[in-house]
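This report refers to the structure that appears directly beneath it.
The values are calculated or read from the model by the stated rules, or taken from the named source; none is laboratory data. What you are looking at is a predicted structure, and each value in this text was computed from that prediction instead of being measured. Neighbour counts are summed over all protein chains in view; Cβ atoms, including those assigned to glycine, are modelled from backbone coordinates with ideal geometry.
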C-alpha cells in the first residue's frame, strides 16, 4: 500500500480539489493520501470548525482515499484548539494534526498543544526546514523539533521535508525515537534520503509529496532511487503511515 | 532512447556529491539506460579560469566519447574568453557553451555576454543556461543567492537571434511563456527541460502550450539529483509516443547535430 502522508488540498472550492486529488492519486497508483486543507484557513477562530466539518463531509464519501489531518494554528486561543481536537480528532474523522509555519514548536506557547496531543496519542506533522535564505516567519527548524521531542517523549512527531532538513537536521533528531521524517518537498537532491535511511532506519521515514506544490510522481521517484530491501521500501511507502496514523481511536 | 542534456562532472564545493567522475557517472547512465549525456565541468564554474576545468573534462571523458558530450563553461567577464571559446569549440571539440551569470560577474545584457551567445550561434552550437544548479534555500554563505534572471534572458535571446539556447532546472514553463513572443521571431530556438516542472499540476501543460514538444528536452541534473524522479515524470506525462521521443532524444539529437 502507498500512502502519501503530505498532501494539501486548497480549501476554496474544495469539492473540485478533492476530485482532482482522487484522479491524481489514481494516476500515480497511490492508495491514500493525507487530507490537509490549505491556504490561510486557520487564521480565524471559527476556521477550525469549518475545517472539521469539511473533513467530515469529505470522509463520508471518500474515506477510501484520504487520511484526514486537522490543520492547527497554535497561535489561536487554546480553548478553541482543545475544542477542535476533542470534536474532530477524538470523535473523528481526523487522525493527526498538521502544524504549518505558524510557530516555532519548542516555544512555551506550544506546550499546551503538545501536551494535549501527547495525552491522546495524536501524531503531529510539522513543517520544518533548515534555511539560510528565504525563511518563513516562525518556521520551525529541526533543532526546534528536537527540543519538542525531548520535552514530550510520548508525542509522535513527523518532521516534514527530509531534504530541507538536510544532514544536520537528521542528526538533530536521530536520538529521539518519537521523531519520524517525511520525504516530501524540495528538489530530489541526491544523498539526503539515503542519509536519512542510513541514520534513522526505514521505520522512521514516511513517504510524502507536498502536493500540489510538488509532484507525487517526482517525489515517488525519490523513494525508488535508493537501493533498499523491498520490506524497507514498503514500510516507507505506506507501512509506517498505517502504523503511525492508524492509532487514534475515535469515540 | 534517452539523451540527458544536463549532467555535471567534478567537484561541488558546498557538499559532497557522488558519481561525479566520468567512470562512475557512466555506470549510473548504464543503470538508467541513458544513451548519451551532455556534461559540463562543475570545477570550471568555480575556478578563477574556467578554461582549466574545460581542459580537465575534455581529458576525463575521452574514454567515453560515444556516451559523453562536453559543453564548455565560458565566463565572458574573464580575459581572453574569446580565445577560450574558439579553443573549446574548434580544438577541443566541445559541443556547446554553458553560461552561469549568477556565478560569474556579468549580466546577460552586457556586451560580452551577447557577443558570446552570437559566436555560439555562428559556430552552430547551443548555449545552455541553467536557472540554478541547486535550490538556493539552503545555500552556503559563499554560494550565490541569484538565479537566472528571466528579463535578462529574454533580452539575450533577442540580441542573439540565430543561437539555440537550453534552459534547465527551473520554472521553465514560466520562462517559456514569458519568452514565447520573442522566441517565435528568432531563427534560433529556446529549449526547456522539465527537471523542475511538475507533470501533475498545470506547469507541464503550460510548458507544452508555450514551447511545444519540439522545444522540450530531457535533463536530470545528474549527479546532483536522484534520477528516478525525472524518469517517473516521463511515465506520467500526458503526451503521445512521438512527442515523448522528441522530448527524450530527438530534440537533443537535433541540437547536438547527431545522426
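Within segment A:1-55, how many residues are outside any helix (DSSP H, G or I), within 19 Å of the chain's Cα centre (by Cα) and more than 25 Å from residue A:77 (Cα to Cα)?
12
Evaluated against (1) touching a residue at least 60 places away in the same chain (Cβ under 8 Å); (2) farther than 21 Å from residue A:244 by Cβ, residue A:49 falls short on exactly one condition, (1).
Of everything in segment A:212-229, what is at the interface with another protein chain (Cβ under 7 Å from one of its Cβ atoms) and either outside any loop (DSSP other than H, G, I, E, B) or touching a residue at least 24 places away in the same chain (Cβ under 8 Å) (or both)? Give them in sequence order. Don't jump to the end; show me each part of the working.
The initial filter retains those residues of segment A:212-229 that are at the interface with another protein chain (Cβ under 7 Å from one of its Cβ atoms), namely A:212, A:214-218, A:220-222, A:224-225.
Within segment A:212-229, A:212, A:214, A:216, A:217, A:218, A:220, A:221, A:222, A:224, A:225 meet the criteria.
Filter segment A:29-44 down to residues that are modelled with pLDDT under 90 and surrounded by 15 or more Cβ atoms within 10 Å (Cβ to Cβ) and give me whichever is farthest from residue A:82 (Cα to Cα). This residue is A:38.
Among what's in segment A:122-150 and is modelled with pLDDT under 95 and over 23 Å from residue A:8 (Cβ atoms), pick the residue that is surrounded by the fewest Cβ atoms within 10 Å (Cβ to Cβ). Here the residue is A:133. A search for C-beta distances below 6 Å between a residue of segment B:135-148 that is within 8 Å of another protein chain (Cβ to nearest Cβ) and any residue that is surrounded by 11 or more Cβ atoms within 10 Å (Cβ to Cβ) and outside any loop (DSSP other than H, G, I, E, B), counting only pairs 6+ apart in sequence or on different chains, returns B:145/B:136.
Given the criterion more than 14 Å from every other protein chain (Cβ to nearest Cβ) and modelled with pLDDT of 95 or more, identify the matching residue among A:117, A:50. Even if it seems obvious, please write down each step before you answer.
Numbers: A:50 fails: modelled with pLDDT of 95 or more.
Just one listed residue meets the conditions, A:117.
Of all residues in segment A:196-211 being in a helix (DSSP H, G or I) and more than 14 Å from chain B (Cβ to nearest Cβ), which is surrounded by the most Cβ atoms within 10 Å (Cβ to Cβ)? Before you say what the answer is, go through the steps one by one.
Taking segment A:196-211 as the starting set, the residues that turn out to be in a helix (DSSP H, G or I) are A:196-200, A:202-204.
Within this subset, residues satisfying the condition of being more than 14 Å from chain B (Cβ to nearest Cβ) are A:199-200, A:202-204.
Working: A:199: 15, A:200: 19, A:202: 17, A:203: 15, A:204: 24.
For segment A:196-211, the residue satisfying everything is A:204.
Checking each residue in segment B:216-253 for being touching a strand residue (DSSP E or B) at 6+ places or on another chain (Cβ under 8 Å), free of Cβ contacts under 8 Å to residues at least 40 places away in the same chain and either facing chain A (nearest Cβ under 10 Å) or not in a helix (DSSP H, G or I) (or both) picks out B:216, B:225, B:226.
Scanning segment A:120-154 for residues that are under 16 Å from the mean Cα position of the chain (by Cα) and within 14 Å of chain B (Cβ to nearest Cβ) turns up A:127, A:128, A:129, A:139, A:141, A:142.
I want to confirm something. Restricting to segment A:77-94 and keeping residues that are touching a helix residue (DSSP H, G or I) at 6+ places or on another chain (Cβ under 7 Å) and surrounded by fewer than 22 Cβ atoms within 10 Å (Cβ to Cβ), which single residue is farthest from residue A:164 (Cα to Cα)?
Residues of segment A:77-94 touching a helix residue (DSSP H, G or I) at 6+ places or on another chain (Cβ under 7 Å): A:78, A:80-82, A:84-85, A:87-88, A:93-94.
The next check asks that each one be surrounded by fewer than 22 Cβ atoms within 10 Å (Cβ to Cβ); those that pass are A:78, A:80, A:82, A:87, A:93.
Numbers: A:78: 30, A:80: 31, A:82: 31, A:87: 33, A:93: 30 Å.
Result: A:87.
Scanning segment B:1-28 for residues that are surrounded by 15 or more Cβ atoms within 10 Å (Cβ to Cβ), touching a helix residue (DSSP H, G or I) at 6+ places or on another chain (Cβ under 7 Å) and over 25 Å from residue B:253 (Cα atoms) turns up B:11, B:12.
Each row is one residue, and each column tells you yes or no for (1) modelled with pLDDT under 95; (2) within 16 Å of residue A:187 (Cβ to Cβ); (3) under 19 Å from the mean Cα position of the chain (by Cα); (4) surrounded by 17 or more Cβ atoms within 10 Å (Cβ to Cβ).
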site	(1), (2), (3), (4)
B:157	no, no, yes, yes
B:164	no, no, yes, yes
B:169	no, yes, yes, yes
B:172	no, yes, yes, yes
B:181	no, no, no, no
B:189	no, no, yes, yes
B:192	no, no, yes, yes
B:199	yes, yes, no, yes
B:214	no, no, yes, no
